[in-house]
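Student: Supplied in structure tokens, the structure appears directly below.
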Amino acid sequence: MTPPAIQFKGVSKRYGALVAVDTATWALPRSQMLVLLGPSGCGKSTTLRLIAGLENPDIGSILLNGREVAGESVWVTPEQRRVGLVFQDYALFPHLSVIDNVTFGLRGLASRERQARAAAMLDLVGLADLGDRMPHQLSGGQQQRVALARAIAPQPEILLLDEPFSNLDAALRAQVRAEIRAILKQTGITSVFVTHDQEEALSLGDVVAVMLDGEVVQIADPQTLYTRPVNRRVASFVGEANFVSGTATSTTVETALGRLPLVTAASGPVSVLIRPEALHIVPADAPANQAAVVAARVQWREFYGHDQRVGVALESDPGVLLTARVPTTHIYSDGEPVSVQVGGAVIAFADSTAQARISDRA
Ligand code: ADP
């Protein structure tokens, strides 16, 4: 069986008293893109540095493609790990042309081979015609693609990207992100990508690892992470989350929004996760076409063009404030009476203030 491209076995890294990476255990199959997602300071860059060999774990071991590279009595130097790096500031050499920037990392090869490899890399990133330009003559997105070409020219087995798009504006960022994902998929390189942006993580990763306070709290494909978060913290970090309290009885839960079907059976007092797009609202005077609607009143609204976020308070309990993400076919106004309904099954978490039992609790 093919070993994982990257495997962490109980890896911890401290800086003094601070635990930057806490007993991390996870594995990534080959040719997959892993996104490390977490707030600033949660240990994402330290994880990359451990993979690259720029840091040594205090305990635990790291295997790359089945070979132990860091462990109790094992240390493989960064140069011998076949790991490439792309940083957020591109770090292109300003006095070297684009093609010379790419050949720079290929010093071990014969000149003709270097030129051919660099040209092939520029072709791969769509910059075949710009080899003679200087870095300052390129856009931010083009510079980032040169940095990618330079990092993959030496044919690394694993590519590490540390917030590589943070210097790009929002529109360019989405475009370069899609391009880089396509290039990495084409080459089959295993990659690890660091971001604190949940939308970027969900749209880019084959696998997303949520890191909080040095711990990998959940590692899963983007859809599972979003629809089946292991706890409230992950639910809140990966997208927007409403929570309402409820009492679960097997496959349903009784809440202020009615009796809702549960994704996973639970019993007792729980917190119920309702994503804003699962909260359907309609004007109160619209013909009711479904059962189980609850009266509410609009508190605030934010218009985004493609959709709008609407804050509502329940009439039965104005303390229950919820956010809905709905189409712009009707523009809501403050104080407007509406009907609210939850679409689909919901997830319940054990209420921290009560003893609840949830069958697949983390
Ligand atoms: P992230 O990339 O998620 O922002 P880092 O991995 O850079 O987080 O840092 C994790 C924690 O370790 C932070 O609290 C940071 O301040 C600390 N840290 C990182 N590098 C060092 C270092 N060389 N010396 C001391 N503390 C460090």
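Student: May I ask you to say which residue of Ser111, Ser73, Ser97 is within 30 Å of Asp129 (Cβ to Cβ) and free of Cβ contacts under 8 Å to residues at least 24 places away in the same chain?
Tutor: Every option except Ser111 fails the conditions.
Student: In addition: Just to be sure I understand, how many residues within the range 209-237 are without any contact (Cβ under 8 Å) to a residue 12 or more places away in the chain and within 16 Å of the ligand (Cβ to nearest atom)? So that I can check it myself, show each step before the final result.
Tutor: If we filter the range 209-237 for residues that are without any contact (Cβ under 8 Å) to a residue 12 or more places away in the chain, which is where we start, we get 223-224, 236.
Add one more test, that the residue is within 16 Å of the ligand (Cβ to nearest atom), and what stays is none.
Qualifying residue count for the region: 0.
Student: Mind telling me which of the residues Thr224, Thr264 ends up being within 30 Å of Thr23 (Cα to Cα) and not assigned by TED's automatic domain parsing to the domain that holds Pro327?
Tutor: Thr224
Student: Within the range 122-130, can one find any residue that is in contact (Cβ under 8 Å) with a residue 12 or more places away in the chain, under 30 Å from Glu55 (Cα atoms) and either among the β-branched types (Val, Ile, Thr) or open to solvent by less than 40 Å² (accessible area, probe 1.4 Å) (or both)? It would help to see each step written out before you state the result.
Tutor: We begin by selecting, within the range 122-130, every residue in contact (Cβ under 8 Å) with a residue 12 or more places away in the chain; these are 122, 124-127, 130.
Among the residues that remain, those that are also under 30 Å from Glu55 (Cα atoms) are: none.
Checked the range 122-130: no residue is in contact (Cβ under 8 Å) with a residue 12 or more places away in the chain, under 30 Å from Glu55 (Cα atoms) and either among the β-branched types (Val, Ile, Thr) or open to solvent by less than 40 Å² (accessible area, probe 1.4 Å) (or both).
Student: Please work out if Glu157 is in contact with a Lys or Arg (Cβ under 9 Å, 6 or more places away or on another chain), among the acidic types (Asp, Glu) and farther than 13 Å from Gln88 by Cβ.
Tutor: yes
Student: So Pro318 ticks every box in (1) under 17 Å from Phe349 (Cβ atoms); (2) without any contact (Cβ under 8 Å) to a residue 60 or more places away in the chain; (3) not in a strand (DSSP E or B) but one. Which box is left unticked?
Tutor: If we test Pro318 against (1) under 17 Å from Phe349 (Cβ atoms); (2) without any contact (Cβ under 8 Å) to a residue 60 or more places away in the chain; (3) not in a strand (DSSP E or B), just (1) comes out false.
Student: To continue, here is another question. I'd like to verify a number: residues in the range 72-106 that are on the phi < 0 side of the Ramachandran plot and out of contact with any Lys or Arg (no Cβ under 8 Å at 6 or more places or on another chain), how many?
Tutor: Qualifying residue count, the range 72-106: 22.
Student: How many residues does the range 316-339 hold that are in contact with a helix residue (DSSP H, G or I) (Cβ under 8 Å, 6 or more places away or on another chain) and open to solvent by 60 Å² or more (accessible area, probe 1.4 Å)?
Tutor: The total comes to 1.
Student: Checking Arg117 against (1) more than 16 Å from the ligand (Cβ to nearest atom); (2) in a loop (DSSP other than H, G, I, E, B), which single condition isn't satisfied?
Tutor: (2)
The values are calculated or read from the model by the stated rules, or taken from the named source; none is laboratory data. The shown structure was predicted, so the numbers you read here are calculated from the model rather than taken from an experiment. Using ideal geometry, Cβ is built from the backbone for each residue, glycine included, and neighbour counts are taken over all protein chains shown. Keep in mind that these areas ignore ligands, DNA and RNA; they rest on the heavy atoms of the full protein, side chains included. Shrake-Rupley method; radii C 1.70, N 1.55, O 1.52, S 1.80 Å.
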